[in-house]
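To keep things clear, I will list the structure first and then write my remarks on it.
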Amino acid sequence: MHAEAVRDDAIPSKRALLGDENHPVKCSECNVAYLLRYDDEAEAALTFCRILAEEIVTARHPDHASNVVLDLVALDQAQQGKTQVVWSTRSSLSRLLKKKPGHP
């Protein structure tokens with residue numbers, strides 16, 4: 001899993017990375033633009049990568065390197081072995097419409 005922000009005048013550190021030209025990553029201090037490059041494995045976490053890249057680029061202002069490589073391997077390893085359970089229950093809201101203010 002690999003993703004990096006690459007400045008317009010630079011080349012990615014790896015070959016055959018996908019790019020998202022429609023949503024550039026920018027420094028909020030000076031608007032220097034980067035293009036997010038990523039592999040197939042990182043595509044599922046693209047929004048997270050974009051937010052992380054913008055935070056890193058802005059935090060390093062005014063020293064804008066050609067490439068900002070995101071350490072997604074550590075993130076992926078931290079998630080392995082964790083079971084994530086997502087559930088919800090449905091509640092009828094009609095009861096709430098019948099309630100009078102001040103009465104439980």
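Quick look at the numbers
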| item | result |
| --- | --- |
| Residue list for region 13-37, restricted to those being part of a strand (DSSP E or B) and of a type outside the set (Gly, Ala, Ser) | Leu18, Val25, Lys26, Tyr34, Leu35, Leu36, Arg37 |
| Count of region 7-31 residues which are surrounded by 14 or more Cβ atoms within 10 Å (Cβ to Cβ) and under 17 Å from Ile51 (Cβ atoms) | 5 |
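Rule-based calculations on the coordinates, nothing more; no lab input. All of these numbers come straight from a predicted model, not from anything done at the bench. Note: ideal-geometry Cβ built from the backbone for every residue, glycine included; neighbour counts use all protein chains shown.
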